[in-house]
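Reading through the structure tokens given below for one structure.
The values are calculated or read from the model by the stated rules, or taken from the named source; none is laboratory data. Note that the coordinates shown come from a computational prediction; the quantities given were computed from them, not determined experimentally. For neighbour counting, all protein chains shown are included, and Cβ atoms are generated from backbone atoms with ideal geometry for every residue, glycine included.
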Amino acid sequence: MNPARNKLGFLFFIAIQPNIHSCPESLRSSGTPTTSTTPSGDIALYKQERVYAILLDGESVLGIEEISRGSGMCVEAQPERVFRPAIQRRCKSIILVHNHPSGFAYPSNEDRAVMWKLMSDGSDLGIDVADSVIVAADGYYSFKEEMERMLVKG
């Protein structure tokens, strides 16, 4: 899969790269996305699970926020923590990114349940959860891409 085939995929690709400042100006609203918790290096290799939100205003990246750090194999993604930065920055949408230290990007049943809950909560708040992406040593899993594949299969 080519992670740069669309702008949201490209934003995700940029977010997990060591040099986040390489994001083209055309994809940013003003300057470089900044936060004190911008991921550094390849988050797929982190030893503990972490959740990040890529904050978007249309196709412009407003920032990247670390939402939570968990233990080796689990992390909490409470709706109030997930959406607080998006509300504060008046984002129209977010992309959630979390890693699996196990090395396997396939979602657990809990990952799926949390994703559907956060999509519903975001909808109630007027914030679109544009995608939720899991990264691991074996690659990545995009809920949005999976939904698109399921629709095509019919």
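Descriptive notes on the structure:
- Test: residue in the stretch 70-83 that is modelled with pLDDT of 90 or more and either crowded, with 19+ Cβ neighbours inside 10 Å or aromatic (Phe, Trp, Tyr) (or both): yes
- Count of residues meeting criterion [hydroxyl-bearing (Ser, Thr, Tyr) and surrounded by fewer than 17 Cβ atoms within 10 Å (Cβ to Cβ)] in the stretch 105-153: 4
- Any hit, the stretch 86-104, residues being closer than 15 Å to Ile54 by Cβ, basic (Lys, Arg), assigned to a helix (DSSP H, G or I) and touching a residue at least 12 places away in the same chain (Cβ under 8 Å): no
- Taken over the stretch 46-65, the residue count meeting the criterion of being within 14 Å of Ala77 (Cβ to Cβ), of a type in the set (Lys, Arg) and part of a loop (DSSP other than H, G, I, E, B) is 0.
- Taken over the stretch 105-141, the residue count meeting the criterion of being acidic (Asp, Glu) and touching a residue at least 40 places away in the same chain (Cβ under 8 Å) is 2.
- Between Val114, Val133, the distinction of being within 26 Å of Leu62 (Cβ to Cβ), assigned to a helix (DSSP H, G or I) and of a type in the set (A, V, I, L, M, F, W, C) belongs to Val114 only.
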